[in-house]
1. Run down Arg299, Arg264, Arg247, Arg282 and say which single residue is buried (at least 23 other Cβ atoms within 10 Å of the Cβ), under 18 Å from Arg51 (Cβ atoms) and among the basic types (Lys, Arg).
2. For segment 382-399, does any single residue satisfy the condition of being part of a helix (DSSP H, G or I), at pLDDT below 95 and under 30 Å from Ser181 (Cα atoms)?
3. Inspect segment 330-340 for any residue being in contact with a Cys (Cβ under 8 Å, 6 or more places away or on another chain) and at pLDDT 95 or above and give the result as yes or no.
4. Quick one: in segment 319-337, which of the residues that are basic (Lys, Arg) and assigned to a helix (DSSP H, G or I) is surrounded by the most Cβ atoms within 10 Å (Cβ to Cβ)?
5. Would you pick out the residues in segment 342-378 that are under 18 Å from Tyr280 (Cα atoms), touching a Leu at 6+ places or on another chain (Cβ under 8 Å) and of a type in the set (S, T, N, Q)?
6. Select the strands (runs of 3 or more DSSP E) contained entirely in segment 200-317, then report the ones holding at least 1 residues which are under 21 Å from Ser184 (Cα atoms) and not assigned by TED's automatic domain parsing to the domain that holds Glu59.
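The values are calculated or read from the model by the stated rules, or taken from the named source; none is laboratory data. Treat the numbers as computed from the prediction; the structure is a model and nothing was measured. All Cβ positions, even for glycine, are placed from backbone atoms using ideal geometry, and neighbour counts span all protein chains on display.
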Amino acid sequence: MRVELLATPDCPHTPRAADILRSALTVDGHEPTIDLVYVSNIDDAAGLGFRGSPTIRLEGRDVVPPPPELPINLGCRLYPQPDGHLDGVVPAATITAAVERREQEVAARPRLRDAPGRLSRAFFLWASHQHWLAALATALPFTRAMVRRFVAGDRLEDAIVVLEQLRARGLTWTVDVLGESVTSREMATAAADRYIATLDALAQRGLEANVSLKLTQMGLDIDPNWCRDDNVGRIVARAAELGAFVRVDMEDHTKTELTLDIVRALHATYTDVGVVIQSYLRRSANDVEQLIAEQIRVRLCKGAYDEPHSVAFASKAEVDDSFARLMERLLLDGRYPAIATHDDALIDATIRFAAEHGIDPSRFEFQMLKGVRRDLQERLVSQGYTVRVYVPYGTQWYPYFMRRLAERPANVLFLLRSIIREGRG
């Protein structure tokens, strides 16, 4: 079991917290390995979802979940003690109870296999940032032919055709107008306009109006407040008029806290605004608990950015284990969660957990990417599950395509394997 003690370098409670933690976890004279993680600045705190020192985590989850209103901070955190007073350490009984819950969860769930693919992942994530490769890829007819499997096309009209095909197969969708990390207000405003035009077009054609967007495309790096109010706010206002749904995609870990803050502000004005949580981030267990409490809809995915080990799990086994735990919490108490994966083992685990706990298929949905495991999409639909397909369109497809190749193990054969497993091109 992974045990972490997160603390600021000058926290006076750290030594006593470590002693209590070590004592609570020592079994038959064998002391546990405790990873001491120092949080020295507010950026590190945001990346870790750190809300006060000291914090104890078991398998990435706070032993004492912070209340939703507690902000990211570097101050001391106080915990209720058995006699009712507050102190700067987690009580031993609270720690041992958390360990027992974790052991019960592990015993009830089969282990997932580890199939590392980190080298290919690193390559494709590196390639996603290389402008010269983007220029080359967009000029090659062969590359564009491959991309068409994952991207609806350059134009809104291309996306409409794909959506009508999906509807005929019993599938639903969310539309992504490709683009990210804009460098001017004019570019961000134009991106927001394209989303509003997309919502209008879907509504006019009687197609479900459901979109996914990235905040950096809306000007997050230019001015977060302007991004929220002038761009995303306009999209959400139009969605409210149409009865549409808006999902805010998650980007790299430096944007996580700000993304969640913006989603909460938007959700307060229109409840059909959701967010994405990435299971490879260490902070995600705490984020899920807060989003459940706020009843904000969550799409759960593994994550597709190159993140440092200090904030993200490195191995597939850890990422999958985190995904399974978060999936269970969302199925039990979340508001219509979206389980976004093509992993057979995790899909089977989701179906099994839902059945064991009497969770009807109408209470959640699966989400998959356009062009990936179409055989699996159709099989799940035939079994009575809702499957929503992520349908991107636009000319800025290169970074998106590279990250799709980076998401799966043995990614060099990603496209060919998907085609072979389906038995069709």
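1. Answer to the check: Arg282.
2. Within segment 382-399, one or more residues are part of a helix (DSSP H, G or I), at pLDDT below 95 and under 30 Å from Ser181 (Cα atoms).
3. Yes, because at least one residue in segment 330-340 is in contact with a Cys (Cβ under 8 Å, 6 or more places away or on another chain) and at pLDDT 95 or above.
4. Across segment 319-337, the extreme among qualifying residues is Arg325.
5. Thr350
6. Counting at least 1 such residues, we get 210-213, 245-248.
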